[in-house]
1. Restricting attention to the stretch 25-63, which residues are of a type in the set (Gly, Ala, Ser) and more than 21 Å from Pro81 (Cβ to Cβ)?
2. Can you tell me which residue among Ala38, Ala69, Ala57 is touching a helix residue (DSSP H, G or I) at 6+ places or on another chain (Cβ under 6 Å) and of a type in the set (Gly, Ala, Ser)?
3. Residue by residue through the stretch 21-52, note down the ones that are over 15 Å from Ile66 (Cβ atoms) and among the basic types (Lys, Arg).
4. Taking the stated definitions as given, is Gly3 over 11 Å from the mean Cα position of the chain (by Cα) and at pLDDT below 95?
Amino acid sequence: MQGEEVEGVVLNEKMQREADRLLAQIVRADSMIIAVKAGARADGFVLGLDTSGVLRAGDAERLYVIFEAALVERLKTLSRP
């Protein structure tokens, strides 16, 4: 199965689309609550991939970092007056 790479993480096409969709939800969140919910969904996505064994060693941690960084940045933006 051929995959796409996102910052060193290899995902198949379907997983890549879902990761992109989840990341976009975080980035577009219009409130802190929606951003945190999107972040939680992203964490669940990574947990599911990790526990099912479809990720290479270290890829789950890289995905967690990508989603967390996006969430932190969005929360900072939303907290500004």
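1. Ala38, Gly39, Ala40, Ala42, Gly44, Gly48, Ser52, Gly53, Ala57, Gly58, Ala60 - these are the residues of the stretch 25-63 that are of a type in the set (Gly, Ala, Ser) and more than 21 Å from Pro81 (Cβ to Cβ).
2. Sole residue among the options that is touching a helix residue (DSSP H, G or I) at 6+ places or on another chain (Cβ under 6 Å) and of a type in the set (Gly, Ala, Ser): Ala38.
3. Within the stretch 21-52, Arg28, Lys37 qualify.
4. For Gly3, the condition - over 11 Å from the mean Cα position of the chain (by Cα) and at pLDDT below 95 - is met.
The values are calculated or read from the model by the stated rules, or taken from the named source; none is laboratory data. A quick note: this is a predicted structure, and the numbers were derived from the prediction, not measured. Positions of Cβ are backbone-derived with ideal geometry, glycine not excepted, and every protein chain shown enters the neighbour counts.
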